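Please read the structure below before turning to the comments.
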Amino acid sequence: MQGQMMTLPLTTPSLLEHAERYHGDTEIVSCTLEGPVHRYTYADAHRRARQAAHALVRLGTGPGSRVGTLAWNGYRHFELYYAISGTGAITHTINPRLFPEQVAWIINDAKDEVVCFDLSFAALVEAIAADCPGVRHWVAMTDRAHMPALRIANLLCYEELLAAESADFAWPALDEHSAAALCYTSGTTGNPKGVLYSHRATLLHALASALPDALALSACDVVAPVVPMFHVNAWGLPYSAPLVGAKLVFPGACLDGESIFSLFERERVTFSAGVPTVWLSLQQHMRQHASRLPHLRRMIVGGAACPPAMMRSYEQEFGIQLQHAWGMTELSPMGTVNTLKASHLGLDDEARFAIGVKQGRPPFGMDLKTVDDHGNELPRDGKTAGALLVRGHWVVEQYFGSEASPLVDGWFPTGDVATLDPDGFMQITDRAKDVIKSGGEWISSIDLENIAMAHPAVAEAAALGIAHPKWDERPLLVVVLKPGQAVSREALLAHYAGKVARFCYPDDVVFIEALPHTATGKVSKVLLREQLRDYRWPTPSQREVTS
């Protein structure tokens with residue numbers, strides 16, 4: 001016997017319909033490339049999304065069509081999220097920070113028929129248009145007065161397209177398992193891989209991420225997604241914010257510390273999400289100007305491991321909780337969020353902080369396990385590290401355009417090395433490809449980096465395993481100093497005393513002006529290794545390592 005309840009499809013347009021009906025007067029604020037701050041409401045956004053849907057259908061897109069976007073976080077990009085997938089087409093967000101050749105490759109691999117782009121990327125579009133023969137229309141996301149003068153025959157104006165359409169578009173009935181969005185991995189090795197999200201997975205991800213033990217969003221929040229909308233759909237915030245009716249604040253292209261501070265202060269932002277490099281820039285600005293953000297309560301940090309020193313600084317200096325989260329493109333992206341349980345509330349500050357620096361625990365809908373080299377599940381003791389595997393309602397089953405599945409017995413191998421504790425808290429100890437193997441022992445590059453960044457003179461640090469004639473690999477520390485700061489190699493190595501086992505100490509330190517970063521803000525150890533390809537260990541060895 002089956003239940004006798006309604007069955008409504010879990011599709012993305014229902015999120016914006018709900019936001020209009022129950023939070024229609026809630027603001028969406030955008031910093032624009034044209035200059036002035038743009039303000040409108042969820043009701044306005046839904047109306048314009050329906051106009052955009054009409055325009056896309058008129059351009060010949062239909063169910064399954066891929067529509068690319070090269071755009072910052074702003075109201076037009078937000079409209080397109082819903083207009084594209086709401087018609088049955090697929091919203092393909094493209095990372096404009098990639099090399100032009102990579103952008104063209106991704107557009108062609110996705111078979112994008114229409115590409116909408118912000119003014120910042122006009123030169124990029126002009127450079128690659130001839131290499132993307134499948135794109136029938138390029139749409140500049142601006143008005144006629146700001147249209148770029150590009151040598152592209154099929155160039156259209158976004159505002160003119162919308163002005164020609166009515167808002168009477170009726171969202172079609174869609175299969176909740178049909179594709180809604182497409183994102184490509186950052187492709188640090190080989191070509192990027194596409195991850196095709198269904199409407200159902202996207203909506204379940206939005207529901208789970210808004211829960212109190214996840215991002216804890218509500219209609220009382222002012223949410224500023226600093227993580228770009230081209231980076232795994234801004235970690236789902238353009239879906240979870242309208243789900244709860246939160247005010248949205250889009251920063252546009254200005255992601256420096258001063259711009260972020262001014263925006264957060266003016267709009268009284270209560271919640272934000274971004275990568276560690278962004279929060280480092282904001283921290284430096286607030287310190288330099290002795291300023292605070294009294295309305296900002298929480299910030300999610302993800303995309304790369306956050307140094308514990310930065311987390312402690314935000315809480316103690318500024319009264320802001322910097323909350324760890326972890327995920328991947330293949331996970332839509334939320335895998336875990338660090339939220340304490342009731343049993344932790346009675347712990348002292350240091351004990352709670354030791355839990356808080358972990359990547360967190362999964363919400364319902366996600367499951368984690370760690371395994372050894374033979375695939376045997378490891379104990380959840382918070383100490384035994386192994387390969388991290390995941391499964392869940394919003395986890396990839398196979399990559400776009402591939403017939404093979406990456407799953408291993410129904411689990412997705414993340415490529416991370418991690419521990420799990422009895423309460424379900426996961427801690428990344430390294431990427432499998434970054435872990436340093438020395439004398440038969442594993443050394444966590446993340447631990448070495450966090451210790452270095454706790455030094456008051458260090459702005460950023462990266463630890464690499466460099467080939468060693470005796471120990472297979474030894475750790476090399478690469479450091480960027482804060483402006484006006486200085487520290488010697490010897491003093492920095494001495495900083496490790498008592499913090500890790502002696503065999504884990506780096507053998508040498510290299511000081512550089514800046515670390516290379518990937519298009520998603522992570523330190524690119526591939527590029528860093530290339531920069532240091534001529535590095536040789538000091539002779540004689542600076543330290544005899546004993547385990």
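The values are calculated or read from the model by the stated rules, or taken from the named source; none is laboratory data. Since the structure is predicted, the reported quantities are computational estimates derived from the model, not experimental observations. Here the Cβ is made from the backbone with ideal geometry for all residues, glycine too, and neighbour counts use every protein chain on show.
Here is how the numbers come out for the structure above:
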read-out: Yes/no for TYR81 being of a type in the set (Ser, Thr, Tyr), in contact with a helix residue (DSSP H, G or I) (Cβ under 7 Å, 6 or more places away or on another chain) and crowded, with 23+ Cβ neighbours inside 10 Å; value: yes
read-out: Candidate set from the stretch 185-199 (those that are at pLDDT below 90 and over 16 Å from LYS433 (Cβ atoms)); member that is surrounded by the fewest Cβ atoms within 10 Å (Cβ to Cβ); value: ASN191
read-out: Filtered residue count, the stretch 110-126, keeping only those that are surrounded by 15 or more Cβ atoms within 10 Å (Cβ to Cβ) and either in contact with a helix residue (DSSP H, G or I) (Cβ under 8 Å, 6 or more places away or on another chain) or without any contact (Cβ under 8 Å) to a residue 12 or more places away in the chain (or both); value: 7
read-out: Residue match in the stretch 448-467 (condition: surrounded by fewer than 17 Cβ atoms within 10 Å (Cβ to Cβ), farther than 28 Å from LEU368 by Cβ, out of contact with any strand residue (DSSP E or B) (no Cβ under 7 Å at 6 or more places or on another chain) and free of Cβ contacts under 8 Å to residues at least 12 places away in the same chain); value: no
read-out: Strands (runs of 3 or more DSSP E) wholly inside the stretch 86-148 that include at least 2 residues being of a type in the set (S, T, N, Q); value: 90-93
read-out: Which numbered condition LEU378 fails, given (1) closer than 30 Å to SER198 by Cβ; (2) among the aliphatic types (A, V, I, L, M); (3) at pLDDT 95 or above; value: (1)
read-out: Residue count, the stretch 210-230 (criterion: outside any loop (DSSP other than H, G, I, E, B), within 18 Å of TRP326 (Cβ to Cβ) and over 14 Å from the mean Cα position of the chain (by Cα)); value: 0
read-out: Count of the stretch 149-191 residues which are within 19 Å of HIS54 (Cα to Cα) and outside any helix (DSSP H, G or I); value: 17
read-out: Listing of strands (runs of 3 or more DSSP E) fully contained in the stretch 1-73 that carry 3 or more residues being under 26 Å from the mean Cα position of the chain (by Cα) and under 26 Å from HIS205 (Cα atoms); value: 27-31, 66-70
read-out: Of all residues in the stretch 313-372 being within 19 Å of GLY410 (Cα to Cα) and among the hydrophobic types (A, V, I, L, M, F, W, C), the one that is modelled with the lowest pLDDT; value: MET328
read-out: Within the stretch 1-32, considering residues that are aliphatic (A, V, I, L, M) and surrounded by fewer than 18 Cβ atoms within 10 Å (Cβ to Cβ), the one nearest to SER218 (Cα to Cα); value: LEU8
read-out: Residue satisfying condition, being at pLDDT below 95 and surrounded by 15 or more Cβ atoms within 10 Å (Cβ to Cβ), within set ARG50, ARG66, ARG97, ARG76; value: ARG97
read-out: One residue from LYS499, LYS470, LYS482 being out of contact with any strand residue (DSSP E or B) (no Cβ under 9 Å at 6 or more places or on another chain), over 21 Å from LEU532 (Cβ atoms) and among the basic types (Lys, Arg); value: LYS499
read-out: Residues of the stretch 468-497 classified as loosely packed, with under 13 Cβ neighbours inside 10 Å and closer than 20 Å to ARG312 by Cα, total; value: 0
read-out: Number of the exception - LEU248 against (1) more than 20 Å from PRO363 (Cβ to Cβ); (2) touching a strand residue (DSSP E or B) at 6+ places or on another chain (Cβ under 6 Å); (3) without any contact (Cβ under 8 Å) to a residue 60 or more places away in the chain; (4) not basic (Lys, Arg); value: (3)
read-out: Counted residues, the stretch 108-147 - those being more than 20 Å from THR91 (Cβ to Cβ) and in contact with a strand residue (DSSP E or B) (Cβ under 6 Å, 6 or more places away or on another chain); value: 2
read-out: Enumeration of residues in the stretch 469-492 that are over 18 Å from SER445 (Cα atoms) and not basic (Lys, Arg); value: PRO469, LEU481, PRO483, GLY484, GLN485, ALA486, VAL487, SER488, GLU490, ALA491
read-out: Residue within the stretch 458-479 that is closer than 30 Å to ALA273 by Cβ and outside any strand (DSSP E or B) present; value: no
read-out: Among the candidates THR87, THR12, residue that is touching a His at 6+ places or on another chain (Cβ under 7 Å), over 30 Å from SER262 (Cβ atoms) and modelled with pLDDT of 95 or more; value: THR12
read-out: Some residue of the stretch 499-509 being at pLDDT below 95, surrounded by fewer than 18 Cβ atoms within 10 Å (Cβ to Cβ) and under 30 Å from PRO96 (Cβ atoms); value: no
read-out: Those residues of the stretch 510-523 which are within 21 Å of VAL227 (Cα to Cα) and either among the charged types (D, E, K, R) or buried (at least 19 other Cβ atoms within 10 Å of the Cβ) (or both), in sequence order; value: LEU515, THR518, ALA519, THR520, GLY521, LYS522, VAL523
